[in-house]
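Undergrad: The structure that follows is given in the form of C-alpha coordinates.
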Amino acid sequence: MEPLIALLVGFGLARLVGVAGVDVLDAWLPSLRVGLAVMFLFTGFAHFHHRLRAEVVDMVPPVLPRPDLLVTLTGVLQIVGAVGLLIPATALWAAACLILLLIVQYPANVSAARRGTRQGDPIVMRTVHQLVYIGALALTLI
(Lines give C-alpha, C1' and ligand atoms only; values in the text may rest on other atoms or scores of the structure.)
Protein backbone atom coordinates (compact mmCIF):
# COMPACT_ATOMS: atom_id res chain seq x y z
CA MET A 1 0.00 0.00 0.00
CA GLU A 2 2.89 2.40 0.76
CA PRO A 3 4.12 2.50 -2.87
CA LEU A 4 0.62 3.40 -4.05
CA ILE A 5 0.48 6.21 -1.49
CA ALA A 6 3.90 7.44 -2.67
CA LEU A 7 2.65 7.43 -6.27
CA LEU A 8 -0.54 9.33 -5.44
CA VAL A 9 1.11 11.87 -3.14
CA GLY A 10 3.95 12.49 -5.60
CA PHE A 11 1.49 12.95 -8.47
CA GLY A 12 -0.78 15.22 -6.42
CA LEU A 13 2.04 17.44 -5.18
CA ALA A 14 3.50 17.70 -8.68
CA ARG A 15 0.09 18.74 -10.04
CA LEU A 16 -0.27 21.36 -7.31
CA VAL A 17 3.17 22.75 -8.14
CA GLY A 18 2.20 22.82 -11.80
CA VAL A 19 -1.07 24.63 -11.10
CA ALA A 20 0.88 27.07 -8.91
CA GLY A 21 2.88 28.14 -11.94
CA VAL A 22 5.76 25.73 -12.57
CA ASP A 23 5.22 25.28 -16.28
CA VAL A 24 7.15 22.01 -16.61
CA LEU A 25 4.64 20.34 -14.24
CA ASP A 26 1.52 22.07 -15.54
CA ALA A 27 0.15 18.93 -17.19
CA TRP A 28 -0.89 15.51 -16.01
CA LEU A 29 1.83 13.56 -17.88
CA PRO A 30 4.91 15.17 -16.28
CA SER A 31 3.16 15.06 -12.91
CA LEU A 32 2.47 11.35 -13.38
CA ARG A 33 6.14 10.79 -14.19
CA VAL A 34 7.06 12.59 -10.97
CA GLY A 35 4.61 10.45 -8.99
CA LEU A 36 6.02 7.28 -10.50
CA ALA A 37 9.57 8.47 -9.84
CA VAL A 38 8.73 9.10 -6.20
CA MET A 39 7.22 5.62 -5.94
CA PHE A 40 10.19 3.88 -7.57
CA LEU A 41 12.68 5.84 -5.46
CA PHE A 42 10.71 4.78 -2.39
CA THR A 43 10.62 1.11 -3.39
CA GLY A 44 14.17 1.12 -4.76
CA PHE A 45 15.68 2.52 -1.57
CA ALA A 46 13.65 -0.01 0.45
CA HIS A 47 15.88 -2.67 -1.14
CA PHE A 48 18.81 -1.18 0.79
CA HIS A 49 17.18 -0.02 4.02
CA HIS A 50 18.74 -1.82 6.98
CA ARG A 51 15.36 -2.80 8.50
CA LEU A 52 13.65 -3.83 5.23
CA ARG A 53 16.37 -5.49 3.19
CA ALA A 54 16.06 -8.91 4.86
CA GLU A 55 12.29 -8.87 4.23
CA VAL A 56 12.80 -7.97 0.57
CA VAL A 57 15.45 -10.69 0.18
CA ASP A 58 12.98 -13.14 1.74
CA MET A 59 10.52 -12.37 -1.07
CA VAL A 60 12.83 -13.87 -3.71
CA PRO A 61 11.67 -17.37 -4.67
CA PRO A 62 13.94 -19.98 -3.05
CA VAL A 63 14.76 -21.55 -6.43
CA LEU A 64 16.62 -18.44 -7.59
CA PRO A 65 20.34 -18.11 -6.82
CA ARG A 66 21.82 -15.22 -4.82
CA PRO A 67 18.65 -13.50 -3.62
CA ASP A 68 20.76 -10.76 -2.02
CA LEU A 69 22.35 -9.94 -5.38
CA LEU A 70 18.97 -9.99 -7.13
CA VAL A 71 17.54 -7.57 -4.57
CA THR A 72 20.51 -5.25 -5.01
CA LEU A 73 20.15 -5.38 -8.80
CA THR A 74 16.40 -4.72 -8.78
CA GLY A 75 16.82 -1.91 -6.26
CA VAL A 76 19.42 -0.22 -8.46
CA LEU A 77 17.23 -0.69 -11.55
CA GLN A 78 14.26 0.90 -9.78
CA ILE A 79 16.32 3.91 -8.70
CA VAL A 80 17.87 4.34 -12.15
CA GLY A 81 14.42 3.98 -13.73
CA ALA A 82 13.00 6.62 -11.37
CA VAL A 83 15.69 9.08 -12.40
CA GLY A 84 15.14 8.17 -16.04
CA LEU A 85 11.45 9.03 -15.75
CA LEU A 86 12.40 12.59 -14.79
CA ILE A 87 14.64 13.20 -17.81
CA PRO A 88 12.56 13.90 -20.91
CA ALA A 89 15.11 12.29 -23.25
CA THR A 90 15.02 9.00 -21.33
CA ALA A 91 11.48 8.98 -19.91
CA LEU A 92 9.97 6.66 -22.53
CA TRP A 93 12.80 4.13 -22.26
CA ALA A 94 12.68 4.28 -18.48
CA ALA A 95 8.93 3.67 -18.44
CA ALA A 96 9.20 0.73 -20.84
CA CYS A 97 12.05 -0.81 -18.84
CA LEU A 98 10.20 -0.36 -15.55
CA ILE A 99 7.15 -2.10 -17.04
CA LEU A 100 9.39 -5.04 -17.94
CA LEU A 101 10.95 -4.98 -14.48
CA LEU A 102 7.53 -5.12 -12.81
CA ILE A 103 6.56 -8.07 -14.99
CA VAL A 104 9.82 -9.90 -14.19
CA GLN A 105 9.45 -9.21 -10.45
CA TYR A 106 5.83 -10.35 -10.28
CA PRO A 107 6.68 -14.05 -9.67
CA ALA A 108 8.57 -12.97 -6.53
CA ASN A 109 5.40 -11.25 -5.34
CA VAL A 110 3.38 -14.40 -5.95
CA SER A 111 5.99 -16.51 -4.18
CA ALA A 112 6.08 -14.12 -1.21
CA ALA A 113 2.28 -14.15 -0.94
CA ARG A 114 2.14 -17.96 -1.07
CA ARG A 115 4.92 -18.36 1.48
CA GLY A 116 3.46 -15.68 3.77
CA THR A 117 6.59 -13.54 4.03
CA ARG A 118 6.43 -10.20 5.86
CA GLN A 119 6.45 -8.31 2.55
CA GLY A 120 4.05 -10.79 0.94
CA ASP A 121 0.81 -8.89 0.46
CA PRO A 122 -2.29 -10.92 -0.41
CA ILE A 123 -1.96 -11.90 -4.05
CA VAL A 124 -5.15 -10.18 -5.23
CA MET A 125 -4.09 -6.87 -3.70
CA ARG A 126 -0.55 -7.21 -5.05
CA THR A 127 -1.86 -8.02 -8.52
CA VAL A 128 -4.16 -5.00 -8.53
CA HIS A 129 -1.29 -2.75 -7.44
CA GLN A 130 1.05 -4.17 -10.09
CA LEU A 131 -1.59 -3.55 -12.77
CA VAL A 132 -2.06 0.04 -11.54
CA TYR A 133 1.70 0.67 -11.67
CA ILE A 134 2.04 -0.91 -15.12
CA GLY A 135 -1.00 1.05 -16.34
CA ALA A 136 0.42 4.33 -15.00
CA LEU A 137 3.74 3.64 -16.68
CA ALA A 138 1.94 2.73 -19.92
CA LEU A 139 0.13 6.08 -19.82
CA THR A 140 3.50 7.83 -19.83
CA LEU A 141 4.31 6.09 -23.11
CA ILE A 142 1.55 8.00 -24.89
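The values are calculated or read from the model by the stated rules, or taken from the named source; none is laboratory data. Everything numeric here is computed off the predicted structure, so don't read it as measured data. Neighbour counts run over all protein chains shown; Cβ positions are idealised from the backbone, glycine included. Just the protein is used for accessible areas: all its heavy atoms, side chains included, with ligands, DNA and RNA removed. Shrake-Rupley method; radii C 1.70, N 1.55, O 1.52, S 1.80 Å.
Undergrad: So which of ALA91, ALA136 is more than 17 Å from PRO3 (Cα to Cα), of a type in the set (A, V, I, L, M, F, W, C) and either touching an Asp or Glu at 6+ places or on another chain (Cβ under 6 Å) or open to solvent by less than 60 Å² (accessible area, probe 1.4 Å) (or both)? If you could, list the steps in order and put the result at the bottom.
TA: Details: ALA136 fails: more than 17 Å from PRO3 (Cα to Cα).
Every option except ALA91 fails the conditions.
Undergrad: Please determine whether any residue of the stretch 30-39 is under 17 Å from the mean Cα position of the chain (by Cα), surrounded by fewer than 16 Cβ atoms within 10 Å (Cβ to Cβ) and not in a loop (DSSP other than H, G, I, E, B). Break it down stepwise before answering.
TA: As a first pass, look at the stretch 30-39 and keep what is under 17 Å from the mean Cα position of the chain (by Cα): 30-39.
Of the ones still in play, those that are also surrounded by fewer than 16 Cβ atoms within 10 Å (Cβ to Cβ) are none.
So far as the stretch 30-39 goes, no, none of its residues is under 17 Å from the mean Cα position of the chain (by Cα), surrounded by fewer than 16 Cβ atoms within 10 Å (Cβ to Cβ) and not in a loop (DSSP other than H, G, I, E, B).
Undergrad: Could you tell me how many of the residues in the stretch 40-75 are more than 24 Å from ALA14 (Cα to Cα), without any contact (Cβ under 8 Å) to a residue 40 or more places away in the chain, open to solvent by 70 Å² or more (accessible area, probe 1.4 Å) and part of a helix (DSSP H, G or I)?
TA: Summing the residues that are more than 24 Å from ALA14 (Cα to Cα), without any contact (Cβ under 8 Å) to a residue 40 or more places away in the chain, open to solvent by 70 Å² or more (accessible area, probe 1.4 Å) and part of a helix (DSSP H, G or I) in the stretch 40-75 gives 3.
Undergrad: On to the next question. Within the stretch 11-26, is even one residue out of contact with any Pro (no Cβ under 9 Å at 6 or more places or on another chain), over 26 Å from VAL76 (Cα atoms) and aromatic (Phe, Trp, Tyr)?
TA: no
Undergrad: Tell me, please, whether a residue that is over 26 Å from MET125 (Cβ atoms) and free of Cβ contacts under 8 Å to residues at least 60 places away in the same chain can be found in the stretch 7-14. Write out each step before concluding.
TA: Initial filter on the stretch 7-14 (over 26 Å from MET125 (Cβ atoms)): none.
So far as the stretch 7-14 goes, no, none of its residues is over 26 Å from MET125 (Cβ atoms) and free of Cβ contacts under 8 Å to residues at least 60 places away in the same chain.
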